[in-house]
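Student: Shown below is the structure under consideration.
Just so you know, all these numbers are worked out from the coordinates, no wet-lab data involved. All figures in this text were calculated on a predicted structure; none of them were measured in a lab. Cβ placement follows ideal geometry from the backbone for every residue including glycine, while neighbour counts extend to all protein chains displayed.
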Amino acid sequence: MAAVAGDIYRDGLIGCDVGGVTIRRYYPWGAKRIPWSRVQSVERFELTAAQGRGRIWGTTSPRYWCNLDPARPRKRVGFVLHTGRPVRPVVTPDDPDGFEAAVRAQAGGVPVTAGRKHVL
């Protein structure tokens with residue numbers, strides 16, 4: 001997907017701009033927008049068979065929600081966005097390092113940490 005003016009990171013499902021993160025295909029009816037002010041921390045983790053690689057959409061845990069990403073089984077890295085809400089969005093960007101750089105640049109010092117194991 002082509003970049004739009006103001007984008008810092010963008011792939012087919014995730015967009016980061018100066019206002020926040022947009023996660024496409026999050027809901028059956030559309031995208032979820034998360035302002036940077038709501039992002040408390042971001043956790044980078046390795047996708048494995050037990051940690052979401054086979055999860056195309058949704059979750060088995062009520063604490064996490066994965067947007068619809070048919071390419072997720074071929075990806076190796078995911079991110080959990082901690083927003084202070086009970087359900088934490090999980091994204092699997094096409095360019096994990098580019099996404100992490102966008103978060104570090106825009107989220108005002110929000111920590112990006114190495115993750116622990118998640119059951120998605």
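Student: Would you mind ranking Cys16, Cys66 by Cβ crowding within 10 Å, fewest neighbours first? Walk me through the intermediate numbers first.
Tutor: Values: Cys16 25, Cys66 22.
Starting with the residue having the fewest Cβ neighbours, the order is Cys66, Cys16.
Student: While we're here: With only alpha-carbon atoms counted, please give the Rg and Dmax of segment 2-73, in Å.
Tutor: Cα radius of gyration and Dmax of segment 2-73 are 13.0, 38 Å respectively.
Student: How do Phe79, Phe45, Phe99 rank when sorted from fewest to most other Cβ atoms within 10 Å of their own Cβ? Intermediate values should be presented prior to the final figure.
Tutor: On the way: Phe79 22, Phe45 19, Phe99 25.
Placing the least packed residue first, the sequence is Phe45, Phe79, Phe99.
Student: Add -39500 (n - 2.57) for each DSSP H run of 4 or more in the chain, then divide by its residues: what number comes out at 222 nm, to the nearest 500 deg cm²/dmol?
Tutor: Details: 1 runs with 11 residues, N = 120.
Rounded to the nearest 500, the figure is -3000 deg cm²/dmol.
Student: Please tell me the relative contact order of segment 1-108 in percent, rounded to the nearest whole number, where contacts are Cα pairs under 8 Å and at least six residues apart.
Tutor: About 25 percent, as a whole number.
Student: While we're on this one: Can you pull the percent of Cα pairs in segment 36-114 with separation above 22 Å?
Tutor: Numbers: 611 of 3081 pairs.
Tail fraction, whole percent: 20.
Student: When a footprinting reagent is the concern and you count Cβ atoms within 10 Å, what order do Asp97, Asp69 take, fewest first?
Tutor: Numbers: Asp97 11, Asp69 25.
Going from least to most buried by this count: Asp97, Asp69.
Student: Okay, moving on. On C-alpha positions alone, give me the angle between the axis of helix 96-106 and the longest principal axis of the chain, in degrees, nearest 10.
Tutor: That works out to roughly 40 degrees.
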